[in-house]
Amino acid sequence: MPNIRIMLIDDHQIVRDGIKALLESLENVEVIGEASHVTELLEKLKDAQPDIIVTDISMPDISGIELTKIINSDKKYQNIKILILSMYTNEDFIFNAIKAGAKGYLPKNTTRKELFDAVNAIYNGEEYFSESISNIILKSYIKKAKDEINEKKEALSTRETEILKLVAQGLTNQEIADKVFISIRTVESHKNHIMQKLELKTTVDLIKFAIKNKIVEI
């Protein structure tokens, strides 16, 4: 198996020394260059290109996220993958790094094994996020999903919510019309508006949504 070639960028020499020592202790890993800022790194890429760039986010000239955008937008760097190794672990940094094209994200207090797993996964075409980073991503996704559902529910009028409950209870259009004293055509119109607002396609989808979001009890 050929060595995995890595370039390392961090603006603190002592940090680079520590990460370099850790990387070179890994099997089949070779650090072929290091830099203290992005401009220096880009100059070094003219002479040799690594398989992976391990970069911090905070840098004196250009951020690690901007570096990731540069690498992923230029065809001459198409075989280079980015692994973020940073003390910044809030969701904004993480999502911006992912949007920029980073293939992995680790906190700086990562373990030797986790770094080894990340380097190998990224080298083999996979993505790798540490457990703590993955948890942040998952919590953010769940929160956004709940917010979207709440926004959809709030978008329904009182009448639409009433119709949705009755649909979920299994009432036919005629039964709903009789119960709330409106025409069948009006019931159908309400149902269509509800499905448009909730981005659903069928009555079954409406029922599932109502049960899942506890609009109706089963």
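Laboratory data are not the source of any read-out in this text; all were calculated from the coordinates shown. Note that this is a predicted model, so its numbers are computed, not measured. Here Cβ is always computed from backbone atoms with ideal geometry, including for glycine, and neighbour counts include all displayed protein chains.
Structure remark: mean-square fluctuation, Gaussian network model of the chain, C-alpha springs under 10 Å; the largest value among Ala155, Ala35, Ala97 belongs to Ala155.
Between the residues Ile70, Tyr123, Leu166, the greatest Cα displacement towards the positive end of the dipole of the chain, with unit charges on the Cβ of Lys, Arg, Asp and Glu, is found for Leu166.
Under the 0.36 nm per residue contour assumption, what length would be gained going from the current alpha-carbon distance of Leu138 and Val180 to full extension? Intermediate results must be reported in sequence, preceding the final value.
Details: separation 42, 0.36 × 42 = 15.12 nm, distance 4.18 nm.
Working it through step by step, the gained length comes to 10.9 nm.
Each label was represented as a point 7 Å from its Cα along the Cα-to-Cβ direction; for Val15 and Glu91 these points are 2.5 nm apart. Straight-distance candidates among the lysines for linking to Lys191, with alpha-carbon spacing under 27 Å and chain neighbours fewer than 8 residues away dropped: Lys144, Lys146, Lys152, Lys153, Lys165, Lys179, Lys201, Lys208, Lys212, Lys214. Using a Gaussian network model of the chain in which every pair of alpha carbons under 10 angstrom is joined by a spring, one finds that among Lys46, Lys69, Lys81 the greatest mean-square fluctuation is at Lys46. Between the beta carbons of Lys214 and Arg112, assuming R0 = 41 Å, the FRET efficiency works out to 0.35 to the nearest 0.05. The GNM of the chain, with springs linking C-alpha atoms under 10 angstrom apart, assigns the highest mean-square fluctuation among Ile122, Ile137, Ile182 to Ile182.
Between the residues His190, Leu85, Asn213, the greatest Cα displacement towards the positive end of the dipole of the chain, with unit charges on the Cβ of Lys, Arg, Asp and Glu, is found for His190. Remark: the Cα gyration tensor places the range 4-137 in the rounded category, a/c being less than 1.5. Which of the three applies to the range 156-212, rounded, prolate or oblate, going by the alpha-carbon gyration tensor with a ≥ b ≥ c and a/c under 1.5 meaning rounded? Prolate, since a/c reaches 1.5 and a/b exceeds b/c. Glu30 sits among other residues whose Cβ lies under 13 Å from its own Cβ, and their net charge, with Lys and Arg +1 and Asp and Glu -1, is -2. For Lys201 and Glu43, the difference between the fully extended length at 0.36 nm per residue and the C-alpha to C-alpha distance is 51.5 nm. Restricting the range 180-218 to trypsin sites (Lys or Arg not before Pro) that sit in a DSSP loop and have at most 16 other Cβ atoms within 10 Å of their own Cβ leaves Lys201, Lys214.
Under 23 Å between alpha carbons, and skipping anything fewer than 8 positions from Lys108 in its own chain: which lysines qualify? The qualifying lysines are Lys20, Lys69, Lys81, Lys99, Lys139.
The GluC sites (Glu not before Pro) of the range 1-33 that DSSP puts in a loop, and whose beta carbon has at most 16 other beta carbons within 10 Å, are Glu27.
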